[in-house]
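The values are calculated or read from the model by the stated rules, or taken from the named source; none is laboratory data. Model, not experiment: these values are computed from the prediction. Neighbour counts are summed over all protein chains in view; Cβ atoms, including those assigned to glycine, are modelled from backbone coordinates with ideal geometry.
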Amino acid sequence: MAKEVISYREMCRREGTRLRRGMHFGLGGHYSVLLMSVLPRAPYRDGIQDGGTTILYQGHDEPQSDAVPHPKIVDQPLRTARGRPTENAKFYQAAQAYKQGLRPPEAVRLYEKCRPGLWLYRGVFHLVDAWQEHDGKRQVCKFKLLAVEAEDGGQPVEFPPKPRRSIPRAIKLAVWRRDGGKCVLCGAVNNLHFDHIVPISKGGMSNTAENIQLLCARHNLAKGDRWTYNSRATSLAK
């Protein structure tokens, strides 16, 4: 079972989206993602069993609102106000379908919060059971996950390669020829910089000329963290 400590930004880059909630069913197409915390007062502190090979994950509450000012005393929902299945329901239905022999177990990538901004990747688990129980105040959803020795059922988990900050020489030459050895914004030929159109911090790559452009020092400094300067940047930002 893989274990790796990574930053929140790296976790989001790996999963290809900003992870704003704890339950993400079908996020990767052939797998789901769960985020959990074992920090004080978190509902998952007692959910790690058998040395970490078994996880009992508690479902998510109703979002706090004027209609639901105290989510901790309200049953965890299986349907939204519009009648759509919640993430609780999606995981619940997948577990029930597996128990009935209608589908293989859902593969789930599990991340554990160590402290703000820092996460432990626990590896891939299989969702094998789900039920509802009363915790003394309300009905909550429970999910049982078992660690998978060979990740994703025998296939290694493939994450996108980490972006390289350094630009290969061949890419620099290609960009220089394409941009005519001048700033793409003002045509300056002095104090030129090879600029990442989509910054490394936002998942931009260095190994493709499509993400590199020539900018003069003035425009490179003015750009800051904005990345929609020209037509190439705009197309990549969409």
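For the range 75-102, a residue qualifies if it is surrounded by fewer than 16 Cβ atoms within 10 Å (Cβ to Cβ), under 25 Å from the mean Cα position of the chain (by Cα) and closer than 19 Å to Gln58 by Cα, and the qualifying residues are Arg79, Thr80, Pro85.
When the range 172-203 is filtered for residues that are closer than 30 Å to Met11 by Cβ, modelled with pLDDT of 90 or more and part of a helix (DSSP H, G or I), nothing remains. Of all residue pairs spaced 6 or more apart or on separate chains, those with beta-carbon atoms under 6 Å, a first member in the range 61-75 that is more than 17 Å from Gln139 (Cβ to Cβ) and a second member that is in a helix (DSSP H, G or I) are Gln64/Pro71. Here the range 14-39 is the region considered, the condition is being touching a residue at least 24 places away in the same chain (Cβ under 8 Å) and either in contact with a Pro (Cβ under 7 Å, 6 or more places away or on another chain) or β-branched (Val, Ile, Thr) (or both), and the residue that is farthest from Arg109 (Cα to Cα) is Val38.
Residues in the range 93-137 that are part of a strand (DSSP E or B), of a type in the set (A, V, I, L, M) and in contact with an Asp or Glu (Cβ under 7 Å, 6 or more places away or on another chain): Ala107, Leu120, Val124, Leu127. Taking the range 1-31 as the range and being part of a strand (DSSP E or B), surrounded by fewer than 18 Cβ atoms within 10 Å (Cβ to Cβ) and modelled with pLDDT of 85 or more as the test, the residues that pass are Val5, Ile6, Ser7.
Kindly check whether there is at least one residue in the range 53-61 that is more than 17 Å from Phe125 (Cβ to Cβ) and in a helix (DSSP H, G or I). No. Listed conditions (1) at pLDDT 80 or above; (2) over 14 Å from Ala174 (Cα atoms) are all met by Asp225, apart from (1). Inspect the range 144-161 for any residue being out of contact with any strand residue (DSSP E or B) (no Cβ under 7 Å at 6 or more places or on another chain), surrounded by 12 or more Cβ atoms within 10 Å (Cβ to Cβ) and modelled with pLDDT of 90 or more and give the result as yes or no. The answer is no, given that none of the residues of the range 144-161 is out of contact with any strand residue (DSSP E or B) (no Cβ under 7 Å at 6 or more places or on another chain), surrounded by 12 or more Cβ atoms within 10 Å (Cβ to Cβ) and modelled with pLDDT of 90 or more.
Counting just the residues of the range 120-140 that are within 23 Å of the chain's Cα centre (by Cα) and touching a residue at least 60 places away in the same chain (Cβ under 8 Å), which one comes out surrounded by the most Cβ atoms within 10 Å (Cβ to Cβ)? Ranking the qualifying residues of the range 120-140, first place goes to Phe125.
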